[in-house]
Amino acid sequence: MNKLAPSILAADFFRLGEQISAVEKAGAQLLHIDVMDGAFVPSISFGMPLIKSIRKNSGLVFDVHLMINEPDRYIDDFAASGADMITVHAEACTHLNRTLSHIREKGLKAGVALNPSTPLNVLDYIYDDVDMILIMSVNPGFGGQKFIPGTMDKLRELKKILAAKNKNIDVQVDGGINLNNVAEVMAAGANVIVSGSSVFNGDIDSNVRHFLEIMGENE
Ligand code: DX5
Ligand code: ZN
């Protein structure tokens with residue numbers, strides 16, 4: 001199933017609650033929450049208190065993208081804050097298998113993210129341990145960056161691997177996705193679409209509906 005995951009990194013934080021309700025009402029399925037530690041990535045965003053506070057008023061599936069070093073240290077905290085899914089970076093985990101098991105033990109869905117320069121073979125021995133694979137289409141750290149074209153080949157390659165292994169794992173793509181390239185990334189193999197600026201800049205309701213319309217046509 002195709003799913004849209006608006007990234008609140010691009011939201012107006014003064015009106016965050018209102019904007020989350022708007023994406024929910026327009027039909028988005030997930031809420032993408034970008035947590036940055038200023039070490040794994042250059043920037044710092046937000047963390048547990050924010051998630052806990054928006055959890056009270058949102059029924060969306062909380063898709064927490066941890067751009068932090070050794071995320072294992074914080075899995076319990078993010079689970080307690082209200083995450084439904086936690087995605088960790090393969091590059092940030094010394095014991096990736098352990099961290100993914102930890103996420104599942106908390107009853108959450110486990111995702112693994114790969115930076116644009118990280119090869120797919122780091123996934124070779126963990127296909128049984130993941131519910132979602134996140135292919136980064138920008139270098140993580142900031143919203144509003146340009147989509148890296150080489151991502152298309154990576155998505156196509158992953159699609160082939162998953163088909164050969166007969167694995168039904170969600171494939172998420174994140175960074176620089178807009179109404180003009182979303183159909184192409186879906187054709188290449190992504191079914192979970194993250195979008196920050198293209199959802200929150202302008203009319204949120206109409207942006208989400210346009211994304212979902214295109215995504216429905218590519219189901
Ligand atoms: C980048 C984040 C993205 C970002 C996407 O480090 O992981 O989720 O918010 O923003 P856009 O859609 O503006 O590229
Ligand atoms: Zn993200």
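What to note about this one:
- Qualifying residues in segment 1-33 (those that are without any contact (Cβ under 8 Å) to a residue 60 or more places away in the chain and not in a helix (DSSP H, G or I)) - the one nearest to ligand 2 (Cβ to nearest atom): Ile33
- Within segment 116-138, if we keep just the residues that are within 16 Å of ligand 1 (Cβ to nearest atom) and touching a residue at least 40 places away in the same chain (Cβ under 8 Å), the residue that is nearest to Asn178 (Cα to Cα) turns out to be Ser137.
- Of all residues in segment 160-219 being assigned to a helix (DSSP H, G or I) and at pLDDT below 95, the one that is farthest from ligand 2 (Cβ to nearest atom): Glu217
- Qualifying positions in segment 7-40 - more than 19 Å from Phe78 (Cβ to Cβ), touching a Ser or Thr at 6+ places or on another chain (Cβ under 7 Å) and within 14 Å of ligand 1 (Cβ to nearest atom): Ala10
- Filtering Leu108, Leu60 for residues that are closer than 21 Å to Gln29 by Cα, of a type in the set (A, V, I, L, M, F, W, C) and away from ligand 2 (no atom under 16 Å from the Cβ) leaves a single hit, Leu108.
- Count of segment 73-115 residues which are in a helix (DSSP H, G or I) and within 14 Å of ligand 1 (Cβ to nearest atom): 2
- Candidates in segment 149-204 are the residues that are at positive phi and under 19 Å from the mean Cα position of the chain (by Cα); of these, the one that is surrounded by the fewest Cβ atoms within 10 Å (Cβ to Cβ) is Gly189.
The values are calculated or read from the model by the stated rules, or taken from the named source; none is laboratory data. Being a predicted model, the structure only gives us computed values, none of them experimental. Cβ: placed from backbone, ideal geometry, glycine included. Neighbour counts: every protein chain shown.
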